[in-house]
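What follows is a set of notes on a single structure, which appears directly below.
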Amino acid sequence: MSQAEGINGKTVRRVVIAGGGTAGWMAAAALSRMLGKVLDITLVESEEIGTVGVGEATIPTLVTFHRLLEINEQEFMAATQGTIKLGISFEGWREVGHRYIHSFGVTGRDHWMANFHHFWMRAHALGLAGSYDDYCIELKAALEDRFAHLPRYQMNYAYHLDASLYARFLRRFSEGYGVRRVEGKIADVQIDGASGCIDALRLENGDVIEGDLFVDCTGFRALLIGKALNVGFTDWSHWLLNDSALATQTTAVRDAVPYTRAIAGRAGWQWRIPLQHRVGNGIVYSSRFISDEEAREEFLSSLEGEIIKQPWPVRFRPGQRHKCWSRNCVALGLAGSFIEPLESTTIHLIQRGILRLLHAFPHVITQEAIDDYNARLDAELQHVRDFVVLHYHATRRRDTPYWRTVGTMELPPSLQRRIDLFRETGNVYHVPTELFAENSWIQVMTGQGIVPKRHHPLADVMGEAELARFMREIREGVNATVRQLPAHMDYLRGYCPGERPQALPA
Ligand code: FAD
């Protein structure tokens, strides 16, 4: 559109990606695989600065992303020491000693008028149904530590991966599709005075990299979108209290389980991400409620295995840029937004940003394309934010100041409405394009202890004998499927044994 609004009217041929973490290399892989023949793509990264070094648990949409790019799953998993993730085990979230799993599966069988859990609620009250967990293949498989690929994509799964090996893997892939990698530190971002758009990056060694479209993947530094273009940041720390993390890697003391563990603590939580060759561990906490020393002590005293890499701290601010796409710059990954890692959603949001950019890929950048991109991404970010906040607020814990604060804080109105609706009716308000489907909301809301007051009247239409048979058939079907699965790691040892990383050119 008009120059006044900050668009320079240039045809987009040269794409410059600033940063080579997960965001940078995912963007490079997708852009080069899909548009490499018509674009000139350069990625600048600095070995000396390095990457954030965390981000190893994913959600099932990454499987789809890889399929779109025709990435071979066995090669990818072997190269990244990958394991399968069927869900997240939330330990100590509803109350100390309680555990539930948010699985990626479908629970039971929905009717078009009412979700399965309405039938389950009635059956359970009548003593005709077991635990809600018994009706989901992925959840049962996670609990029994089993996995295999089933026909017709019957099993929903994601991956645990080694983040630095993933960046290496994607680098090889992207270079194979023509991406030019430049090693060096960005010293300056050159702005065109007339349009306010970015013209070029100047490196410390004096090299200048010109481009038409810039993708800011410089992590929390946000060198392009934040520092150069001055796009502000909406802070969500009143809903998401955690602002600090400490991460480390340890040797594995047992075979990897097919789920991430999220273990609630005094003023935050810890993750355990089991890979083939090691375990990723971290503590996420609020510095308002616990000191760095206390968090470190809580963390180190609960680790299993030998420490392979000394713990490193990460500070963050939850929130999002006012605009993730501004002028000729699109911010992906930590440069654009960060909702803390509880539901492993950042890699997904990177992927969504990339796919939306590919859909809207401009010959010439227009304000309409920018506005549409930002509006869609905003809606997605707020949905994910609400889902994560739910875990903190819907708790019965009141044992520390931290849990008392999150348990009684005021919620975003959009989340409050969802909780109220579920509590009153057992129904979940859900828009089909949203990431977390009804079953995710139901699993987490019931897991956190929100009990609906009533079920849908349709569940009363079934006679008791019919209801009992319906429940039994589903449960037996789940059990029969899960029984035939091998142990998770036995399967992976045959399917994608982790390989030693190959050397990359300098
Ligand atoms: P970074 O990894 O920080 O990469 C930034 C890149 O920019 C680097 O290559 C760096 O060298 C380069 N750079 C910076 N400045 C310059 C400069 N001046 N010149 C040249 N290059 C420069 N996400 C998930 O999906 N699942 C998880 O389980 C998960 N866990 C997380 C846990 C924590 C504690 C945190 C903080 C985040 C977590 N995330 C998770 C988010 C995840 O880590 C990121 O989404 C992912 O790593 C992408 O990071 P990035 O590429 O945006 O930034």
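Nothing in this text is a laboratory measurement; each read-out follows from the coordinates by a stated rule. Model, not experiment: these values are computed from the prediction. When we count neighbours, we look across all protein chains shown, and the Cβ atoms used for this are built from the backbone with ideal geometry, even at glycine.
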Report summary line: A chain fully extended from residue 150 to residue 410 at 0.36 nm per residue, minus the present Cα-Cα distance, gains in nm 89.3 nm
Query raised in the report: Using 7 Å Cα-to-Cβ label points, what is the residue 164/residue 476 separation (nm, one decimal)?
Result: 5.3
Query - Loop sites in region 60-128: chymotrypsin sites (Phe, Trp or Tyr not before Pro), DSSP, at most 10 other Cβ within 10 Å - result: 112
Query - Length-normalised contact order for region 244-319 - Cα pairs under 8 Å, 6+ apart - percent - result: 44
Query raised in the report: How much length is gained if the chain between residue 185 and residue 302 is pulled fully straight, taking 0.36 nm per residue apart and subtracting their Cα-Cα distance, in nm to one decimal?
Result: 38.3 nm
Report task. Determine the percent antiparallel among the DSSP beta bridges restricted to the chain, to the nearest 5. Result -> 70
Query - Rough spin-label spacing in nm, given labels placed 7 Å along Cα→Cβ, for residue 287 and residue 421 - result: 3.8
Query raised in the report: How about residue 140: which lysines have a C-alpha closer than 23 Å to its C-alpha, ignoring those fewer than 8 places off in the same chain?
Result: 85
Query raised in the report: What are the lysines whose alpha-carbon lies under 17 Å from the alpha-carbon of residue 227, with same-chain residues fewer than 8 places away excluded?
Result: 185, 323
Query raised in the report: Which value at 222 nm does the chain reach when only helices count, each DSSP H run of 4 or more adding -39,500 (n - 2.57), with the total divided by all residues and rounded to the nearest 500 deg cm²/dmol?
Result: -10500 deg cm²/dmol
**Report entry** Farthest toward positive dipole pole in the chain [+1 Lys/Arg, -1 Asp/Glu at C-beta], among 155, 271, 108
**Finding:** 108
Requested in this report: Please name which of 445, 55, 354 has its Cα lying farthest along the dipole of the chain towards the positive end, using unit charges on Cβ (Lys, Arg +1; Asp, Glu -1) and the Cα centre as origin.
Outcome: 445
Requested in this report: Starting from the Cα-Cα distance between residue 396 and residue 64, subtract it from 0.36 nm times their residue separation and give me the gain in nm to one decimal.
Outcome: 115.9 nm
Query raised in the report: Normalised by the residues of region 15-72, what does the relative contact order come to in percent, with Cα pairs under 8 Å and at least six apart?
Result: 40
**Report entry** Under DSSP loop assignment and at most 11 Cβ neighbours within 10 Å, longest GluC sites (Glu not before Pro)-free interval of the chain
**Finding:** 71-305
Query raised in the report: Which helices, counted as full DSSP H runs in the chain, have an axial Cα extent of no less than 27 Å and a Kyte-Doolittle average of -1.0 or above?
Result: 367-393, 464-483
Report task. Assuming R0 = 51 Å, can you tell me the calculated FRET efficiency for the pair residue 210 and residue 466, based on Cβ-Cβ distance, to the nearest 0.05? Result -> 0.15
Query raised in the report: Any idea what the dipole of the chain comes to, in debye rounded to 20, about its Cα centre with Lys/Arg Cβ at +1 and Asp/Glu Cβ at -1?
Result: 460
